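Shown next, in C-alpha cells, is the structure this report addresses.
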Amino acid sequence: MRIAVTYENGAIFQHFGHTEYFKVYNVEDGKIVSSEVVDTNGSGHGALAGVLNSLNAEVLICGGIGMGAQMALADAGIKLYGGVSGDADKAVEEFIAGKLDYNPNVQCNHHDHNHEEGHSCGEHACGSHSCGH
C-alpha cells in the first residue's frame, strides 16, 4: 500500500491545494518499509490528484481540503483521510493501526472562516459548505 501525506517540516501540511511536498510511505504487512518526500513542482488543487495518481498513492492523509479536490481524489480512486494534524509519521502509524483520528466531513477550512468584517463566503470558490447565510 502507498500512503501520501501533505508534508511540511515533519508535520501534516494543512492546506492541500498549496502543499509543496507529499511524503509517500510504502507499507507492507502493516509496517512502513520506506518513505520519500516528493516535490509537487508547483502543482495546485485539482492537479495534485494527478500527482498522487502518478505516485500510485492509494490513500491521502491531509489537513484542510476543498470539495473540488475531494472529488478529484475520489475520481482517481484515492481514499481521503482529511482534517488530520500533527506529526506525519505518527499519523501514518495510527492509520496502519486503524486508530487515525480524522474528520470524514472535512470541508475547506483554509480560508479563515471566522468571517472577519468584509469577508463573505461568496468571495472564494470553496465548494459546498454551510456558512449560515
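The values are calculated or read from the model by the stated rules, or taken from the named source; none is laboratory data. Predicted model, so just to flag it, every value in this text is computed and none were measured. No Cβ is skipped: glycine too gets one built from the backbone with ideal geometry, and neighbour counts run over all protein chains shown.
Can you tell me how many residues within the stretch 1-22 are surrounded by 17 or more Cβ atoms within 10 Å (Cβ to Cβ), among the small types (Gly, Ala, Ser) and out of contact with any Phe, Trp or Tyr (no Cβ under 8 Å at 6 or more places or on another chain)?
Final tally of qualifying residues: 2.
What is the residue count in the stretch 23-43 for residues that are out of contact with any Phe, Trp or Tyr (no Cβ under 6 Å at 6 or more places or on another chain), surrounded by 15 or more Cβ atoms within 10 Å (Cβ to Cβ) and over 17 Å from Ala97 (Cα atoms)?
3
Give the residue, chosen from Leu60, Leu80, that is buried (at least 20 other Cβ atoms within 10 Å of the Cβ), in a strand (DSSP E or B) and at pLDDT 95 or above. Don't jump to the end; show me each part of the working.
Details: Leu80 fails: buried (at least 20 other Cβ atoms within 10 Å of the Cβ).
So the residue among Leu60, Leu80 that is buried (at least 20 other Cβ atoms within 10 Å of the Cβ), in a strand (DSSP E or B) and at pLDDT 95 or above is Leu60.
Consider only pairs whose beta carbons are under 6 Å apart and that are at least six residues apart or on different chains; among these, list those whose first residue lies in the stretch 84-108 and is in contact (Cβ under 8 Å) with a residue 60 or more places away in the chain and among the hydrophobic types (A, V, I, L, M, F, W, C) and whose second residue is assigned to a helix (DSSP H, G or I) and surrounded by 13 or more Cβ atoms within 10 Å (Cβ to Cβ).
Note: pairs meeting the criteria are Val84/Ala91.
Okay, residues lined up against (1) at pLDDT 85 or above; (2) out of contact with any strand residue (DSSP E or B) (no Cβ under 7 Å at 6 or more places or on another chain); (3) over 14 Å from Phe13 (Cα atoms):
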| site | (1), (2), (3) |
| --- | --- |
| Gly42 | no, yes, yes |
| Gln70 | yes, no, yes |
| Ser85 | yes, no, no |
| His115 | no, yes, yes |
| Cys126 | no, yes, yes |
